[in-house]
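Engineer: Here it is, the structure in full.
The values are calculated or read from the model by the stated rules, or taken from the named source; none is laboratory data. What you see is a predicted model, and the numbers here were worked out from it, not measured in a lab. Virtual Cβ from ideal backbone geometry, glycine too; neighbours counted across all protein chains shown.
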Amino acid sequence: MTQPAKPDLVTVNVDGREVSVPKGTNMIEAARLAGVDVPHYCYHPKLTVVGNCRMCLVEMGLPAVDPATKQPVMDPATGKQKINWVPRPTIACATNATPGLHIRTNTPSVKDCREGVMEFLLINHPLDCPICDQAGECRLQEQSMGYGRGYSRFIEHKNVKPKRTQLGPRVTLDDERCILCSRCIRFCKEVAKDDVLGFVDRGSYSTLTCYPGKELANNYSLNTVDICPVGALTSTDFRFKMRVWFLKQTNSIDTESSVGANTVVWSREGVIYRITPRRNDEVNDTWMTDSGRLLFKEVRQENRLTAVQVDGQASSLDIAIHTAAELLKAGSVAVVGSGRSSVEEQFLTKKIADTLKASTQLVARVGQGDKILLSADRNPNVRGALVTGLINRLPEAQLSQLGAAIDAGKVKTVLAINEDLSAAGLTQAQLGKVAIVYVGTHANATSAAARVVLPTLTVFEKSGTLVNQQFRIQKFHAAIPGLAGAVNDLVVLGKLLAKVGGSSAPTDLTGVWAQLVGEVAVLAGLSFAKISDTGVVLNASDFANLVFPEGETLHYKPAAASAPVPA
Amino acid sequence: MPAPEQRRIIFKHIDEPGYTPDIDCYVRNGGYEVLKKSVQRKPEEIVDEVKKSGLRGRGGAGFPCGVKWSLLDRKSGKPIYLVVNADESEPGTFKDRYIIHQDPHQLIEGIMITCFANNVKQAYIYIRGEFPEGARILERAIAEARARNFAGPNILGTGYSCEIYVHRGAGAYICGEETGLIESLEGKRPYPRIKPPYFPAVLGLYMCPTIVNNVETLCHVKYIADVGGQAFSQIGTPNNTGTRIFCVSGHVKRPGYYEFETGKITLGQLLNEVCGGPLPGRKFKAVIPGGSSAKVLKFGERFKGKRKAGAEMVDYDWALEDVPMDFDSLAMIGSMGGSGGVIVMDDSVNMVDALANINAFYAHESCGQCTPCREGSLWMKKISNRMVHGDARTEDGALLKSVADQIAGRTICAFGEACSWPTQSFIQKFGDEFKAYPDAKKQPKRDGTLELV
């Protein structure tokens, strides 16, 4: 773990409180550090500053300096340097911390500014909160409570604008609710690099729209819904499904690629309604892909495995484990682990393989990276398999070596962890030659051909850790209970390990971590509880000679990009 | 005291019989001699002359031109641009169009001198969309100047090169705001930039240091380069040097444009003597002295206070007619010299109607970028429109004032002030008329009054 260089600190004064902040921090963030809320709409920490909402107006002052002598001017009353207060209010978002900068956020004039802006934002707003999806997480609603007037002086007709524009396949726009903060426009331009949104018309009639002939269809379009401070941009999928205050939030990780974007899973009574990004400045900022938000749909997919099976017949877990163990103990075993399993599962898989003296392999999934938050490696946890020692070289997409071993009769039994062997290149004939123990979530050709099927949980139903492309170990938590019939992976693997003769076979996170810290050097000193919500970067020096498939993404630069290694 | 004579420096040849906008006519009248002289001097000398002259910008804000130039970031290594603001859009202002239409080479010579003085290699004339003829005239004039080597590569054999381009706006008042203009010139919506950090002198056009000057200002620069800063500073009054062009419109006998030494003529002299006084049977009621965004002044008001005269402070006690027409005096009495557009209203005008007209303009022209101006200007329009065409309430005046107070000083650009000052001042000075408007509406209108909205 390396320490970042210490930034230059400057001391600023917020409402009389001194606070040290890195030089250049804007005053909204500086006030936040001082525990003072400066309300805002257009400002977003990960987008350029435009200063158009005017909600963050504050009083600003600078220490007085004699223009002739450059000496500080002291105030005899306080004995401190005099502060020259700027007569006009200043926007905090575009004011950067400089030594001695003072702001006041609690004066009558600041209150008046906020009430003025709130009133202006509401006069043409439809005030349809009772039917608005944003209610409950609407900045306009919250700040009208905190800083609004509480009554209306507006008796004119409100402006009329389009009510339900489909901006793209996933985003619906209500222009009347839009407060023209331009966050979505800036996001598309600056982060998604797909500059399709803009305003047409002018003044209060300004209307957000797509460029003619274009649509908001990029894989990041739903982030505009997240950052929309009002109910103008809504997710076509989530719209009208559930009030957000009923939903439980669980921290999770996006498993669609090795980026490992941090997420929040929103669920109620065992049903997931949406996934949104969770801020992690070292991984995904405040963004995630649209495709990653859809992953929860796999929980209730038709082909979800919900019954323990032995030879096609429903069975009990203990019988199935017993059967599987007998098959495995017969020898000539190959273990196909998964880059989609958690670190803990990979660790138990490795222990099973070690006990059986079986060969281990992983299936690689490599696609096109998008240079933002979708990396080329579509397995979320290949590095976890390296760290736990499940594998010691990078996986290949085709299990051709395993196929050859089967054909040569060297492998009689295959333990497949959530991987479809036929999708990885094994033929139906090859699958027929071996006994398969399948541990996984969804039905496929491999589970169909398996002697023993052990249904397990999706990432949303269990807890664990994943190691992303930066060798950052990150936690995910169970958002919903496992589907009836499916068994926690650790229970399945632990019991299997015990049955095949493993000496110590934990079946829960605590137990696995007790062994992980002792047996995996780079995890020494850690525990599941000690890993913070934004993850911990592991020492990756053991793997410096490997050439990973990922190209550059938002917060990741491939280390060995300069030296291509021959295949 | 009789009104002084006009002193036409910028408008010397405007409306002169036989004077044409082509280069031959300009050269015949001594044109481009100043440029020939100037390119032989050191650029810094010309900048110094302009600083010495005390010239203040003629676009509206009256910012000292020499100071503006000295703020330029000359060390960045980036090119420096000159942008000529010919987006003359302030209601009541019509001075630049006469320069462009009748004496375009005066402007081009001023541009070239300014460019040479500031090492500018590219200048843009941003002309409002409603001046198609002006744009054609300028294009022609630039081609003529280029053909005679007054512009383009290797000007007059000095090795110095500079191109001028004409860029037409698309019809938006906000493009007159210098950073909005720059955005528009870059091909974007003319949303004014936040300052800090985007001061044009440092991060202007294409994020390069940029000078934005008004047409009239650059013509003054040409004159300063000719006579010298010292001589120029003797014209007018201290801190208000040179001449000013007043564009008088509204209820006077002889509306039009008049050029006087700044501060040497009072408002009363201008309106009563130069413009011939009120129309028969009418009385002056109000005047907006610097374009429609300036605060209105009421006839019958008196202004008292202390002002600087040389090094001393002296008392003043002025009737409105006594106020000298210069930047400082008009600012002292709570209005501004602005762009020189003097709009006169007589007793036939109902001030509510007049304000409704102004509010309609500003609501139409608000760019919509920042909240107070976007929502406030339209709200004010809706209120004043309702007063005129629907139900007026006695409390509407107070509401209008309160809305305006929520705009001024809180916006990205000066449009916030431009759209709220009329409302603030109309209600401050004619509040009774707003209160009485519901009743006044029931009275038949006087003959000959115009529908204002």
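Engineer: Regarding segment B:141-158, can at least one residue be identified that is assigned to a loop (DSSP other than H, G, I, E, B), touching a Cys at 6+ places or on another chain (Cβ under 7 Å) and buried (at least 21 other Cβ atoms within 10 Å of the Cβ)?
Structural biologist: Yes: one or more hits.
Engineer: Another question, then. Exactly one of these conditions fails for residue A:359: (1) crowded, with 24+ Cβ neighbours inside 10 Å; (2) without any contact (Cβ under 8 Å) to a residue 60 or more places away in the chain; (3) over 24 Å from residue A:464 (Cβ atoms). Give me its number.
Structural biologist: With respect to (1) crowded, with 24+ Cβ neighbours inside 10 Å; (2) without any contact (Cβ under 8 Å) to a residue 60 or more places away in the chain; (3) over 24 Å from residue A:464 (Cβ atoms), residue A:359 is out only on (1).
Engineer: Of these, B:316, B:258, which one is of a type in the set (Ser, Thr, Tyr) and surrounded by fewer than 19 Cβ atoms within 10 Å (Cβ to Cβ)?
Structural biologist: B:316
Engineer: For the list (1) closer than 19 Å to residue A:286 by Cβ; (2) more than 13 Å from chain B (Cβ to nearest Cβ); (3) in a loop (DSSP other than H, G, I, E, B), I need the number of the one condition that residue A:188 fails.
Structural biologist: (3)
Engineer: Please work out which residue is surrounded by the fewest Cβ atoms within 10 Å (Cβ to Cβ), limiting yourself to segment A:257-288 and to residues that are more than 21 Å from residue A:188 (Cβ to Cβ) and in contact with a helix residue (DSSP H, G or I) (Cβ under 6 Å, 6 or more places away or on another chain).
Structural biologist: So, considering only residues that are more than 21 Å from residue A:188 (Cβ to Cβ) and in contact with a helix residue (DSSP H, G or I) (Cβ under 6 Å, 6 or more places away or on another chain), the one surrounded by the fewest Cβ atoms within 10 Å (Cβ to Cβ) is A:268.
Engineer: So which residues in segment A:97-108 are farther than 17 Å from residue A:35 by Cα and either among the hydrophobic types (A, V, I, L, M, F, W, C) or surrounded by 15 or more Cβ atoms within 10 Å (Cβ to Cβ) (or both), if there are any at all?
Structural biologist: If the condition is that a residue be farther than 17 Å from residue A:35 by Cα and either among the hydrophobic types (A, V, I, L, M, F, W, C) or surrounded by 15 or more Cβ atoms within 10 Å (Cβ to Cβ) (or both), then A:100 is the only one that fits.
Engineer: Checking residue B:359 against (1) surrounded by fewer than 19 Cβ atoms within 10 Å (Cβ to Cβ); (2) within 14 Å of chain A (Cβ to nearest Cβ), which single condition isn't satisfied?
Structural biologist: Among (1) surrounded by fewer than 19 Cβ atoms within 10 Å (Cβ to Cβ); (2) within 14 Å of chain A (Cβ to nearest Cβ), residue B:359 violates only (1).
Engineer: Here is a follow-up. Looking only at segment B:297-323, count how many residues are closer than 28 Å to residue B:234 by Cα, part of a loop (DSSP other than H, G, I, E, B) and not β-branched (Val, Ile, Thr).
Structural biologist: Residues meeting the conditions: 2.
Engineer: Taking interchain pairs and intrachain pairs at least six residues apart, which have beta carbon atoms under 7 angstrom, with the first residue in segment A:68-93 and closer than 20 Å to residue A:106 by Cβ and the second in a loop (DSSP other than H, G, I, E, B) and of a type in the set (Val, Ile, Thr)?
Structural biologist: A:92/A:38; A:93/A:49
Engineer: Counting residues that are in contact with a strand residue (DSSP E or B) (Cβ under 8 Å, 6 or more places away or on another chain), which helices (runs of 4 or more DSSP H) fully inside segment B:16-130 reach at least 3?
Structural biologist: B:65-70, B:96-102, B:104-118
Engineer: Another one. Here are some conditions: (1) hydroxyl-bearing (Ser, Thr, Tyr); (2) under 27 Å from residue A:22 (Cα atoms); (3) more than 36 Å from the chain's Cα centre (by Cα). Residue A:95 meets all but one. Which one does it not meet?
Structural biologist: Checking residue A:95 against (1) hydroxyl-bearing (Ser, Thr, Tyr); (2) under 27 Å from residue A:22 (Cα atoms); (3) more than 36 Å from the chain's Cα centre (by Cα), the one that fails is (3).
Engineer: Let me ask something else about it. Checking residue A:179 against (1) in contact with a Ser or Thr (Cβ under 6 Å, 6 or more places away or on another chain); (2) assigned by TED's automatic domain parsing to the domain that holds residue A:235; (3) within 15 Å of residue A:233 (Cβ to Cβ), which single condition isn't satisfied?
Structural biologist: (1)
Engineer: Looking only at residues that are assigned to a loop (DSSP other than H, G, I, E, B) and acidic (Asp, Glu) in segment A:120-155, which one is surrounded by the most Cβ atoms within 10 Å (Cβ to Cβ)?
Structural biologist: Ranking the candidates gives A:133 first.
Engineer: Give me the pairs, please: first residue somewhere in segment A:150-163 and more than 8 Å from every other protein chain (Cβ to nearest Cβ), second residue anywhere and charged (D, E, K, R), beta-carbon distance under 6 Å, and either six or more positions apart or on two chains.
Structural biologist: A:161/A:175; A:161/A:176; A:162/A:175; A:163/A:174
Engineer: For segment B:27-65, what are the residues that are touching a residue at least 40 places away in the same chain (Cβ under 8 Å) and among the small types (Gly, Ala, Ser)?
Structural biologist: B:31, B:38, B:53, B:54, B:57, B:59, B:60, B:61, B:62
Engineer: Quick one: in segment B:345-356, which of the residues that are in a helix (DSSP H, G or I) and over 24 Å from the mean Cα position of the chain (by Cα) is nearest to the other protein chains (Cβ to nearest Cβ)?
Structural biologist: That would be B:352.
Engineer: In segment B:130-177, how many residues are closer than 20 Å to residue B:81 by Cα and within 14 Å of chain A (Cβ to nearest Cβ)?
Structural biologist: 3
Engineer: Consider residue A:103 against the criteria (1) assigned to a strand (DSSP E or B); (2) in contact with a His (Cβ under 7 Å, 6 or more places away or on another chain): it satisfies all of them except one. Which criterion is unmet?
Structural biologist: Unmet for residue A:103, out of (1) assigned to a strand (DSSP E or B); (2) in contact with a His (Cβ under 7 Å, 6 or more places away or on another chain): (2).
Engineer: Yes or no: residue A:224 among the polar types (S, T, N, Q), away from every other protein chain (no Cβ under 14 Å) and surrounded by fewer than 18 Cβ atoms within 10 Å (Cβ to Cβ)?
Structural biologist: Answer is no for this residue.
Engineer: In segment A:363-407, how many residues are closer than 19 Å to residue A:557 by Cβ and more than 26 Å from the chain's Cα centre (by Cα)?
Structural biologist: Total satisfying the criteria: 0.
Engineer: Here is a check on your reading of the model: is residue A:17 buried (at least 19 other Cβ atoms within 10 Å of the Cβ) and of a type outside the set (Asp, Glu)?
Structural biologist: Spelling it out, it is not the case that residue A:17 is buried (at least 19 other Cβ atoms within 10 Å of the Cβ) and of a type outside the set (Asp, Glu).
Engineer: Would you say residue B:294 is under 30 Å from residue B:445 (Cα atoms), assigned to a loop (DSSP other than H, G, I, E, B) and under 22 Å from the mean Cα position of the chain (by Cα)?
Structural biologist: yes
Engineer: Where in segment B:365-453 are there helices (runs of 4 or more DSSP H), lying fully within it, with 3 or more residues that are within 14 Å of chain A (Cβ to nearest Cβ) and under 22 Å from the mean Cα position of the chain (by Cα)?
Structural biologist: Once the helices (runs of 4 or more DSSP H) in segment B:365-453 are filtered for at least 3 residues that are within 14 Å of chain A (Cβ to nearest Cβ) and under 22 Å from the mean Cα position of the chain (by Cα), what remains is B:415-435.
Engineer: Residue under question is residue A:30, and the condition is that it be outside the structural domain of residue A:521 (by TED's automatic domain parsing), part of a loop (DSSP other than H, G, I, E, B) and among the hydrophobic types (A, V, I, L, M, F, W, C); does it hold?
Structural biologist: no
Engineer: Can you tell me which residue among A:117, A:86 is β-branched (Val, Ile, Thr), in contact with a strand residue (DSSP E or B) (Cβ under 7 Å, 6 or more places away or on another chain) and either buried (at least 19 other Cβ atoms within 10 Å of the Cβ) or within 14 Å of chain B (Cβ to nearest Cβ) (or both)?
Structural biologist: Only one candidate passes the filter, namely A:86.
Engineer: What's the total number of residues in segment B:368-405 that are surrounded by fewer than 22 Cβ atoms within 10 Å (Cβ to Cβ) and touching a residue at least 60 places away in the same chain (Cβ under 8 Å)?
Structural biologist: So the answer is 3.
Engineer: Residue B:170 is checked against (1) assigned to a loop (DSSP other than H, G, I, E, B); (2) in contact (Cβ under 8 Å) with a residue 60 or more places away in the chain; (3) within 20 Å of the chain's Cα centre (by Cα) and fails just one. What number does that condition carry?
Structural biologist: (2)
Engineer: Quick one: how many residues across segment A:120-146 are more than 13 Å from every other protein chain (Cβ to nearest Cβ) and closer than 21 Å to residue B:407 by Cα?
Structural biologist: Result for segment A:120-146: 2.
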